[in-house]
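Working notes, beginning with the structure itself.
The values are calculated or read from the model by the stated rules, or taken from the named source; none is laboratory data. Keep in mind that this is a model prediction, so the values were computed, not measured. FYI the Cβ positions are ideal-geometry reconstructions off the backbone, even for glycines, and counts take in every protein chain you see. All accessible areas refer to the heavy atoms of the entire protein, side chains included, with ligands and DNA or RNA removed. Shrake-Rupley method; radii C 1.70, N 1.55, O 1.52, S 1.80 Å.
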Amino acid sequence: MFKIGCHLSVSNGYLAMGKDAVKINANVFQFFTRNPRGGAAKAINEKDIEAFQALAKEHGIADLLAHAPYTLNPCAEKAHLRQFARETMADDIRRMEYLPGNMYNFHPGSHVGQGTEAGIDMIAELLNEVLYPEQTTMVLLETMAGKGSEVGGKFEELRAIIDKVMLSEKLGICFDTCHVYDAGYDIAGDLDGVLAEFDRIIGLPRLRAIHLNDSKNPYSSHKDRHETIGNGSLGIEVLKTVINHPRLKQLPFYLETPNELEGYAREIELLRGLYET
Ligand code: FE
Ligand code: FE
Ligand code: ZN
């Protein structure tokens, strides 16, 4: 079964997101846990969650992916910013437990000049403080474009974080097609080679989700600007290969392309037509 969806707005609650997903023929979706620039999350509304769960069951919607705010930086230089990251992630995971067995994705962080190794240590330290044995939520590290001082633009960096986390069975990877291409992994020319490298360094069983995006910038540009499907440097043939790759095709795919709901509906329809069952 093709698991395809996109990023949806959480502002009207879970049931509203479920209805949006149904409207655009999505069976998975991503949402921000709170304002992507930070700030408090809305109180959990259990009635809304129950209504959403009924709708999700009826329509076969699963594999929810919550995305942490962009301002969450586990390896910020200032202690109060790291504290914000820790409190936010702990709160986000607790909230995700209202919808057990789903996923939470975050950008590993930017070391802001402190160095990659120091960044990796701080990211692992935060995870060691917030992960707990009973949680059912899988926490995903997102592959990054390697922009500025971002950690996570290399598979080795993600591996190093995982190696330092005690409850590493709670960790997985979200593979962003725009980011990895911008980071210098040639998924256009050699997808098999990139996945073999991923498998060797991190292990393919860690791979839990794909952010399916085209890129506005060329290979290895270290930029991170998403393009609509088929209109960027990756192009439709490459993205078709990605969704049909035997090691990827059973994973959930989430579009984060610059679109409103109608645009997402068209991209989902296009991709459904290209998916080989
Ligand atoms: Fe992201
Ligand atoms: Fe992404
Ligand atoms: Zn991005």
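Observations on the structure shown:
- P(r) for the stretch 55-125, from all Cα pairs and a bin width of 5 Å, is 3, 16, 23, 19, 14, 10, 7, 4, 3, 1 %, short bins first.
- Peptide ranges 14-24, 45-55 listed from the most packed, as the mean C-beta count within 10 angstrom indicates: 14-24, 45-55
- The stretch 1-132: radius of gyration and largest Cα-Cα distance (Dmax), Å: 16.1, 49
- Rule-of-thumb Rg ratio for the chain [Cα; 2.2 N^0.38 Å; N residues]: 0.95
- Length-normalised contact order of the stretch 1-76 in % [C-alpha pairs under 8 Å, at least 6 apart]: 36
- Computed over the alpha-carbon atoms, the stretch 71-221 gives an Rg to Rh ratio of 0.96, Rh here being the Kirkwood radius from the mean inverse distance.
- The shape of the stretch 154-205 can be summarised by an equivalent ellipsoid whose semi-axes, obtained from the alpha carbon gyration tensor, come to 22, 11, 9 Å from longest to shortest.
- Cross-link pairs LYS3/LYS57; LYS57/LYS249; LYS23/LYS57; LYS19/LYS47; LYS147/LYS170; LYS216/LYS249 - those with Cα-Cα distance over 18 Å: LYS57/LYS249; LYS147/LYS170; LYS216/LYS249
- Rg and Dmax of the stretch 1-78, both derived from C-alpha coordinates alone, stand at 13.9, 46 Å.
- Between the beta carbons of TYR275 and ALA118, assuming R0 = 30 Å, the FRET efficiency works out to 0.10 to the nearest 0.05.
- Across the stretch 247-268, the residues whose backbone nitrogen lies under 17 Å from the label position 7 Å along the beta-carbon direction of ILE236 are 263-268.
- Per residue accessible area of the chain, 1.4 Å probe, in Å²: 43
- Gaussian network model of the chain, Cα within-10 Å springs - most flexible of ILE123, ILE61, ILE44: ILE44
- Each 5 Å bin from zero up to the one holding the largest Cα-Cα distance in the stretch 163-246 carries the following percent of pairs: 3, 15, 24, 26, 15, 10, 5, 2, 0.
- Of all DSSP beta bridges in the chain, antiparallel share, percent nearest 5: 10
- The stretch 135-176 - percent of accessible surface contributed by carbon and sulfur, probe 1.4 Å: 53
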